[in-house]
Amino acid sequence: MQKIQNEVAVSVPLEPGINIVKIRSGAFSYRTVDGTVAEPLVLLWIYGGKVTNQKTEVEVGATWSSLNGYDDTLTLNVKEKATLCAFFFDTYLEDNEGEVFLSVVRI
């Protein structure tokens with residue numbers, strides 16, 4: 001987990017309140033050799049403070065989630081400051097391509 005948190009992922013703090021996370025633009029391709037189309041997807045690791053995922057309604061100190069597509073959202077009720085890590089993973093890194101831009105809005 002420390003490698004993801006410190007070396008692999010892009011991390012942002014989540015302040016207390018309702019935070020909505022979504023893919024704003026971009027796409028990721030895990031295979032470029034056969035014309036595979038890039039997808040708007042990202043994996044999320046949230047840790048370091050108490051949060052409740054609106055979909056599960058369970059308060060946790062750490063959780064995983066994913067966003068798949070531009071219309072997918074993750075709504076978190078952040079009760080204690082936490083950290084959101086966004087990343088991709090693949091076993092064959094040489095043919096990965098693309099980038100995804102996230103939007104995090106606190107309301």
Legend entry - Which listed residue, of ILE107, ILE4, is exposed (fewer than 12 other Cβ atoms within 10 Å of the Cβ) and at pLDDT below 95: ILE107
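So, LEU41, is that one modelled with pLDDT of 95 or more and in contact with a Leu (Cβ under 7 Å, 6 or more places away or on another chain) or not?
Numbers: modelled with pLDDT of 95 or more: no; in contact with a Leu (Cβ under 7 Å, 6 or more places away or on another chain): yes.
Here the answer is no, as LEU41 does not meet what is asked.
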Legend entry - Hey, VAL42 over 12 Å from the mean Cα position of the chain (by Cα) and of a type in the set (A, V, I, L, M) or not: no
Legend entry - Which listed residue is within 20 Å of GLN2 (Cβ to Cβ) and in contact (Cβ under 8 Å) with a residue 24 or more places away in the chain, from THR83, THR52: THR83
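How do the strands (runs of 3 or more DSSP E) wholly within the range 7-81 filter down when requiring 3 or more residues that are open to solvent by 50 Å² or more (accessible area, probe 1.4 Å): which remain?
Numbers: elements: 10-14, 17-29, 41-53, 59-68, 73-78.
Qualifying strands (runs of 3 or more DSSP E): 10-14, 17-29, 41-53, 59-68.
The values are calculated or read from the model by the stated rules, or taken from the named source; none is laboratory data. What you see is a predicted model, and the numbers here were worked out from it, not measured in a lab. With ideal geometry, Cβ positions are generated from the backbone for all residues, glycine too; neighbour counts draw on all protein chains shown. When the accessible area is computed, the model is the full protein with side chains, heavy atoms only, and any ligands, DNA or RNA have been set aside. Shrake-Rupley method; radii C 1.70, N 1.55, O 1.52, S 1.80 Å.
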